[in-house]
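Quick notes on the structure that follows.
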Amino acid sequence: MSRPKKVWWKEQVVYQIYPRSFKDANGDGIGDLQGIISKIDYLVELGIDIVWLSPHFDSPNADNGYDIRDYKKVMEAFGTMNDFDEMLAKFKQKGIKLIIDLVVNHSSDEHVWFKESKSSKENPYRDYYIWRSGRGTKEPSNWPSFFGGSAWEKDSETEEYYLHYFSKKQPDLNWENSQLREEVYAIMRFWLDKGVDGFRMDVIPLISKHQDFQDMSATELKHPETIYASGPRIHEFLREMNDTVLSKYDVMTVGEGFGVTTALTQRMTDERRKELNLSFLFDIIRVGRDNWQQGDFTLPELKELFTTQNDTDNFHWPTVFLNNHDNPRSVSKFGCDSEENRVRSAKLLALLTLTQRGTPFLYQGEEIGMTNYCFKSFDEFDDVEIRGNYRQILQSGVGALTYLAELNKSSRDHSRTPMQWSNSHQGGFTTAEKSWLAINENYTHINAESQQKDPDSIFNFYKKLLEIRRRNEDLVYGDYFDIAPDHEQVFAYTRTGVDKTFLIVLNMSSKKVSLKLDAMFLGYKLIVSNSTDHYKGPIKETLELAHWEARMYVSA
Ligand code: TEU
Ligand code: CA
């Protein structure tokens, strides 16, 4: 089998910033671009290479910027275009690349295109969106919105319905229209010509719609994303975009698409097909999830998902991520956020994320082990997804307390609470009395400032691993092999490159455990561990691992 082709976006590590919650510079309780600028040195110290910025465009914020009103304007609360240019220049000075969020499956209903489109059936922009007439008094089809109710909204002006997979303030764009596609490509060029290094593409597999808009079956209705992410022209659109725009720049792209299968992920990212460089596969981050419910999962199930995403030829490259702004905090889901285990398990997850095969994506706050928030009532949520679905879920017979308990495991708002910078007022996030979403009260002991000073902190563990990764190409390009797929407590795997083999052993449980190793690993040397009290002698045939203990060895 051929070796993977070497390219910068396979080697570098991405750090996601959710601007609303990162750092507020002007004291209005909302994060902003000057806030980001003030923290560039922090990112340099940590040692990440690329920043992915969640939407920073003009928006009425029905979905925190994932509803764009003007693609060429900066959101007022975040600053101005001058602030953006300053931020980009400063990132570049420090050698950090910047990728931005391209949200073009839908726009805001306040976008001028939609206002025109809605005004009459004859308007030249009518066809930029998807309009259909109803079936008598009913919607054109039974398609549901991810954020509650029907995906069709009737407009009184022209008595037709428009399609919206997300909230009704996020009408879907009509990619069948070539003029619309040209508009999108122009927007892409506008930002690329400023010097951004690529795009994270929001729900990109959803842009091609099944044109028959046929009713879904009862089974399909439970997971509409599988229908929405299987439109017939997706590859054609991506290739056109690549050919027309992306191929002209040295940039990276990463697609986002919840509901996308392994097969589609691999097709979209096959280097020979020239569509996307990377695409998030959600199977790992969503393990055990069924819509808003977070069920149990076993370690062998989780490990199999890592094997599956690596079970391919070398023509496509996976991503590795355990949290983002749509999912709970990784230490609370995959680790253990109790007093005793939080630091250890957060470091274990750091080792996992930075030694798996694939481009790692870190999410703000994971580097200090930020945890889920404890929501005491529904009023504490901000998320449009919950506000939209609340009534429907309760009407279906689910008790309010049951729903609240599930959301305390699964809500998107867990990862949207403000970044915890210090133990001062509002965690150093803002000087305002309150931030836009409540800060987790554990900022008094979980914060960046204290961890930057502590050599044994989670922050400094990430920093160390990032250095090790940078120095060891075999950790990037080496083959992946799970050496104990059925083990219920330990995740143990190797990365075998040209010069060396790395052995990573992770006790993903709160109980101590022993792991029998193959004799071939005798002679391997310990290079990193998340605990200071472990056995330091030569590797033995049976490893004794303490609760949430994580180690990495390297062949001699
Ligand atoms: O996410 C799409 C998506 O799949 C999630 O919103 C998903 O429906 C939800 O997490 C299920 O719990 C992208 C953005 O990342 C998200 O923030 C936006 O709300 C959404 O698209 C619409 O733009
Ligand atoms: Ca602000």
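So which residues in region 335-377 are open to solvent by 10 Å² or more (accessible area, probe 1.4 Å) and of a type in the set (Phe, Trp, Tyr)? Tyr373, the sole residue that qualifies. Looking at Glu275, Glu240, just one residue is of a type in the set (Asp, Glu) and open to solvent by 10 Å² or more (accessible area, probe 1.4 Å), and that residue is Glu240.
When the criteria are applied in full, Val384 fails the requirement of being out of contact with any Pro (no Cβ under 6 Å at 6 or more places or on another chain), assigned by TED's automatic domain parsing to the domain that holds Arg272 and hydrophobic (A, V, I, L, M, F, W, C). The residue that is nearest to ligand 2 (Cβ to nearest atom), counting only those in region 39-58 that are open to solvent by less than 10 Å² (accessible area, probe 1.4 Å) and farther than 14 Å from Gln364 by Cα, is His56.
With respect to the stated conditions, Leu352 fails to be away from ligand 1 (no atom under 16 Å from the Cβ), in a helix (DSSP H, G or I) and more than 30 Å from Val528 (Cα to Cα). Of everything listed in (1) surrounded by fewer than 21 Cβ atoms within 10 Å (Cβ to Cβ); (2) touching a helix residue (DSSP H, G or I) at 6+ places or on another chain (Cβ under 8 Å); (3) not hydrophobic (A, V, I, L, M, F, W, C), the single unmet condition for Ser396 is (2). Scan region 188-219 residue by residue and report those that are buried (at least 17 other Cβ atoms within 10 Å of the Cβ) and either modelled with pLDDT under 95 or part of a helix (DSSP H, G or I) (or both). Selection gives Met188, Trp191, Leu192, Ile204, Pro205, Leu206.
When residues in region 59-96 are screened for being within 16 Å of ligand 2 (Cβ to nearest atom), in a loop (DSSP other than H, G, I, E, B) and surrounded by fewer than 23 Cβ atoms within 10 Å (Cβ to Cβ), 4 of them pass. Just the residues that are within 16 Å of ligand 1 (Cβ to nearest atom) and of a type in the set (Lys, Arg), please, taken from region 2-30. Residue satisfying the conditions is Arg20 alone.
Scanning region 421-434 for residues that are at pLDDT 95 or above, under 30 Å from Phe481 (Cβ atoms) and not acidic (Asp, Glu) turns up nothing. So the check is Cβ under 6 Å with 6+ separation or different chains; which pairs have a first residue in region 337-360 that's among the charged types (D, E, K, R) and a second one that's part of a strand (DSSP E or B) and open to solvent by 10 Å² or more (accessible area, probe 1.4 Å)? Every condition considered, the pairs that remain are Arg357/Tyr480. Scanning region 249-284 for residues that are in a helix (DSSP H, G or I) and among the basic types (Lys, Arg) returns a single hit, Arg267. Every listed requirement among (1) closer than 23 Å to Ile68 by Cα; (2) out of contact with any Lys or Arg (no Cβ under 7 Å at 6 or more places or on another chain); (3) touching a residue at least 60 places away in the same chain (Cβ under 8 Å); (4) of a type outside the set (Gly, Ala, Ser) is met by Gln214 save one, (1). Scanning region 118-146 for residues that are open to solvent by less than 60 Å² (accessible area, probe 1.4 Å), more than 16 Å from ligand 1 (Cβ to nearest atom) and among the aromatic types (Phe, Trp, Tyr) returns Tyr128, Trp131. The set of residues from region 528-556 being in a strand (DSSP E or B) and exposed (fewer than 13 other Cβ atoms within 10 Å of the Cβ) comprises just one member, Thr542. Quick check: is even one residue across region 202-222 away from ligand 1 (no atom under 16 Å from the Cβ) and under 21 Å from Pro4 (Cβ atoms)? No. Is at least one residue of region 403-410 acidic (Asp, Glu), at pLDDT 95 or above, within 16 Å of ligand 1 (Cβ to nearest atom) and not assigned by TED's automatic domain parsing to the domain that holds Asn323? Within region 403-410, one or more residues are acidic (Asp, Glu), at pLDDT 95 or above, within 16 Å of ligand 1 (Cβ to nearest atom) and not assigned by TED's automatic domain parsing to the domain that holds Asn323.
I want to confirm something. Restricting to region 243-260 and keeping residues that are in contact with a helix residue (DSSP H, G or I) (Cβ under 7 Å, 6 or more places away or on another chain) and more than 30 Å from Asn327 (Cα to Cα), which single residue is least open to solvent (accessible area, probe 1.4 Å)? Only one residue tops the list, namely Val245.
Taken as a whole, the structure places Lys115 among residues that are without any contact (Cβ under 8 Å) to a residue 40 or more places away in the chain and either surrounded by 15 or more Cβ atoms within 10 Å (Cβ to Cβ) or part of a helix (DSSP H, G or I) (or both). Could you go through region 22-35 and let me know if any residue there is under 17 Å from Gly195 (Cα atoms), of a type outside the set (Val, Ile, Thr) and either away from ligand 2 (no atom under 16 Å from the Cβ) or not in a strand (DSSP E or B) (or both). Checked against the condition, which is being under 17 Å from Gly195 (Cα atoms), of a type outside the set (Val, Ile, Thr) and either away from ligand 2 (no atom under 16 Å from the Cβ) or not in a strand (DSSP E or B) (or both), region 22-35 yields at least one hit. Filtering region 99-110 for residues that are open to solvent by 40 Å² or more (accessible area, probe 1.4 Å) and without any contact (Cβ under 8 Å) to a residue 12 or more places away in the chain leaves an empty set. Residues that are in contact (Cβ under 8 Å) with a residue 60 or more places away in the chain and surrounded by fewer than 19 Cβ atoms within 10 Å (Cβ to Cβ) within region 13-38 comprise Gly27, Asp28, listed in sequence order.
The values are calculated or read from the model by the stated rules, or taken from the named source; none is laboratory data. Keep in mind that what you see is a predicted model, and the values were worked out from it rather than measured. Cβ coordinates were reconstructed from backbone atoms using ideal geometry, including for glycine residues, and neighbour counts include every protein chain displayed. Ligands, DNA and RNA are excluded from the accessible area calculation, which covers all protein heavy atoms including side chains. Shrake-Rupley method; radii C 1.70, N 1.55, O 1.52, S 1.80 Å.
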